[in-house]
Every structure is written in C-alpha cells, then in structure tokens.
1. Using each residue's phi in segment 97-112, evaluate 6.51 cos²θ - 1.76 cosθ + 1.60 at θ = phi - 60° and report the 3J(HN,Hα) Karplus result to the nearest Hz, with x for Gly and Pro.
2. Where the only charges are on Cβ atoms (+1 Lys, Arg; -1 Asp, Glu), what is the dipole of the chain about its Cα centre, to the nearest 20 debye?
3. Do me a favour and compute the ellipsoid semi-axes for the chain from its Cα gyration tensor, root of five times each eigenvalue, largest one first, whole Å.
4. Leaving out same-chain residues fewer than 8 places away, which aspartates and glutamates sit with a Cα under 18 Å from that of residue 43?
5. Under 10 Å, Cα contacts only: if you run a Gaussian network model on the chain, which one of 99, 70, 62 comes out with the highest mean-square fluctuation?
6. When the Karplus curve 6.51 cos²θ - 1.76 cosθ + 1.60 is applied with θ = phi - 60°, which whole-Hz ³J(HN,Hα) does each residue of segment 20-29 get, with x for Gly and Pro?
7. Rounded to whole Hz and in sequence order, give me ³J(HN,Hα) for segment 54-61 from the Karplus expression 6.51 cos²θ - 1.76 cosθ + 1.60, θ = phi - 60°, writing x for Gly and Pro.
8. May I ask what percent, to the nearest 5, of DSSP beta bridges between residues of the chain are antiparallel?
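What follows draws every value from the coordinates through simple rules; no lab data is involved. Bear in mind the structure is a predicted one, so any value in this text is a computation, not a measurement. Cβ coordinates were reconstructed from backbone atoms using ideal geometry, including for glycine residues, and neighbour counts include every protein chain displayed.
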Amino acid sequence: QVQLVESGGGLVQPGGSLRLSCVTSGSIFSFTSMGWYRQAPGKQRELVATVTRFGSTYYKDSVKGRFTISRPSALNTVYLQMNNLKPEDTAVYYCKGVSSGAMDYWGKGTLVTVSS
C-alpha cells in the first residue's frame, strides 16, 4: 500500500521559514510528478507547486520567489522550502504523487500557521 507522509508544519511568525517534507512508503515505482497543495479554512484545495521526475517545476504565482520545491532524483520524496511566509499562507499542506498510470496518491496533510 502506497502511503505519503508529510511533516514539517507548525506555527511561524510572518517573514519566517519552514521546510515541509513528504516521504513515500510502499511504492515500487517512481512518480511521474509530485506536488504540494494547500487548503485554507473555508476554501478549496489549491495547487502550490509541482516537480516532475525530470526536474521541471511549476509554482502558483503568489509563492514564486518565496517557495522552492525539490525532489532528490529517483526518489519519491519531495520538499517544499517556504521563506518569507505570510498570514495568507496559512493552510493544511498536502503532498501528492502521480503515477505513470495517472493515479493520484495523497498524504493526510500538515498544518502551517503563519501568525504573530
């Protein structure tokens, strides 16, 4: 059974930094892409950043220049370095892996709270 587990969330002051990690267990294949999504209270889940197994990245406009997604080659592990955090970044952050068969695998999320 494939499981994705996120970690690294917490409470941080505006302007601070956090590094989220997502580790996969139970997989015998390499995800074609992995990404981070977030869902704020009362809002829909939204895409934050993605990275393919070839290293191509995509970022939501509001996080460009502040967040960096990375994925060690050949591993189903992905990180999200978040700098200069803002209150509007507060959300539950979810990791997702996409298989070559276009199946989505989700983690259970980690809460990020940006507040003074």
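1. Karplus values, whole Hz, x for Gly and Pro: x, 10, 7, 5, x, 6, 8, 9, 10, 10, x, 8, x, 9, 8, 10.
2. 80 debye
3. Gyration-tensor ellipsoid for the chain: 24, 14, 12 Å.
4. Cα-Cα hits under 18 Å: 61, 88, 89.
5. 62
6. Calculated HN-Hα couplings, in order: 8, 10, 9, 10, 10, 10, x, 9, 10, 10 Hz.
7. So the Karplus estimates, Gly and Pro as x, are 9, x, 6, 10, 9, 10, 5, 3 Hz.
8. Antiparallel bridges make up about 90 percent of those DSSP assigns within the chain.
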